[in-house]
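Engineer: Take a look at this one; I'll ask things after.
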C-alpha cells in the first residue's frame, strides 16, 4: 500500500483553511476538558493550521501538533508566531507516527479515516496506543457514513451511473483579510461501496481585483466506517474501556446521531 495518504490540504486549500476555519466553541471545549481532566502533555493529531491547537496553547496547555501537510504546518507556525507561541510541530502521517514523546491525551478532530487506506487507519490507532502513557486517553470524533445525505444517496444502485459528479457552476466564495477572494467548489468523484471508500475533488480559485490569479485542484480519499467497525479496530490494537458518545454532548450515542465521539483508554 502507498505510504502517502491522499488528501487535499495543500496550497490554496491550506490557505483557505487558515483564513476561514476557526474552532467551534463546543468542539474546543470538549477536547480541552479531556486534556485538563486526563492530563498533559497532549497531542493534536492532524492539527492542520492550528484551529484547536493554538487556542489550547493560549490557554496554557501543553499540546504538541502533528500533521501530514507541510503547507498546513507552515501556516500554523505563522499564526502561532503572531501570538508569540512556538509550538512543537511534527510532519508525519498518522499511520507513521513516530515521536520521542509520550502523551496522556491524544485527540483527533474530524480527520480519522481521511487520506489513508483501511490498513493505515488501523495502524494509526496502533501508533496512538503506543504514544500514550498507561491509562492515557485517545479521543476523536467521527462522522458516520450516512452523515451527508447527498453523498449517502449514491449508495443506491439507481444512482451509481451518476458518478463522477460534474463540477458545480459556482462555488462558495469568501473574502480574506487582505481583500483577496477564494472560491471553493467540490464534487464527488467515486464511491466504492464494497471497500467503503470515497473519492472527492476540490477546486479552489484565488481572485484578485476581479481576476483569477491562481487555481488549484486536489483529490481526497477517505474510508467510511460505521460505529462497530471502529470499535473492533480499537479493541484489536489494545484499547479498553471504549465509550461512544453523542457528538460533543457526553451522552451515550444513539441511532439518531450522525457524528459520534470515541473515548478509549490504554
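The values are calculated or read from the model by the stated rules, or taken from the named source; none is laboratory data. Since we're looking at a predicted model, the values are computed, not measured. Using ideal geometry, Cβ is built from the backbone for each residue, glycine included, and neighbour counts are taken over all protein chains shown.
Engineer: With respect to residue 214, is the statement that it is farther than 28 Å from residue 152 by Cβ and part of a strand (DSSP E or B) true?
Structural biologist: Here the answer is yes, as residue 214 does meet what is asked.
Engineer: Could you list, in sequence order, the residues of segment 1-54 that are without any contact (Cβ under 8 Å) to a residue 60 or more places away in the chain, within 26 Å of residue 135 (Cβ to Cβ) and surrounded by fewer than 19 Cβ atoms within 10 Å (Cβ to Cβ)?
Structural biologist: Within segment 1-54, 28, 33, 36, 37 meet the criteria.
Engineer: Looking at 103, 129, can you tell me which residue is surrounded by fewer than 21 Cβ atoms within 10 Å (Cβ to Cβ) and touching a strand residue (DSSP E or B) at 6+ places or on another chain (Cβ under 8 Å)?
Structural biologist: Among 103, 129, only 129 is surrounded by fewer than 21 Cβ atoms within 10 Å (Cβ to Cβ) and touching a strand residue (DSSP E or B) at 6+ places or on another chain (Cβ under 8 Å).
Engineer: Given (1) crowded, with 18+ Cβ neighbours inside 10 Å; (2) over 17 Å from the mean Cα position of the chain (by Cα), identify the lone condition not met by residue 223.
Structural biologist: (2) is the only condition that residue 223 fails.
Engineer: What strands (runs of 3 or more DSSP E) lie completely within segment 98-208 and have 1 or more residues being assigned by TED's automatic domain parsing to the domain that holds residue 35, touching a helix residue (DSSP H, G or I) at 6+ places or on another chain (Cβ under 8 Å) and touching a residue at least 60 places away in the same chain (Cβ under 8 Å)?
Structural biologist: Strands (runs of 3 or more DSSP E) meeting the threshold: 103-108, 132-143.
Engineer: From 110, 179, 136, 116, which residue is over 20 Å from the mean Cα position of the chain (by Cα) and closer than 30 Å to residue 35 by Cα?
Structural biologist: Testing whether each residue is over 20 Å from the mean Cα position of the chain (by Cα) and closer than 30 Å to residue 35 by Cα leaves just 136.
Engineer: Every residue in segment 45-83 that is assigned to a helix (DSSP H, G or I) and under 22 Å from residue 140 (Cα atoms), please.
Structural biologist: Matches in segment 45-83: 53, 54, 55, 56, 57, 58, 72, 73, 76.
Engineer: Let me ask you something else. Among the residues of segment 70-86, how many are crowded, with 21+ Cβ neighbours inside 10 Å and touching a helix residue (DSSP H, G or I) at 6+ places or on another chain (Cβ under 6 Å)?
Structural biologist: Number of matching residues: 1.
Engineer: Another question, then. Looking at segment 84-93, which of its residues are without any contact (Cβ under 8 Å) to a residue 60 or more places away in the chain and not in a strand (DSSP E or B)?
Structural biologist: 84, 85, 86, 87, 88, 92
Engineer: A follow-up question, please. What are the residue pairs meeting all of these: first residue in segment 233-247, first residue at positive phi, second residue assigned to a strand (DSSP E or B), Cβ atoms under 9 Å, and 6 or more apart or on different chains?
Structural biologist: Sorted first by the residue in segment 233-247, then by its partner, the pairs are 241/263; 241/264; 241/265; 247/141; 247/259; 247/260; 247/261.
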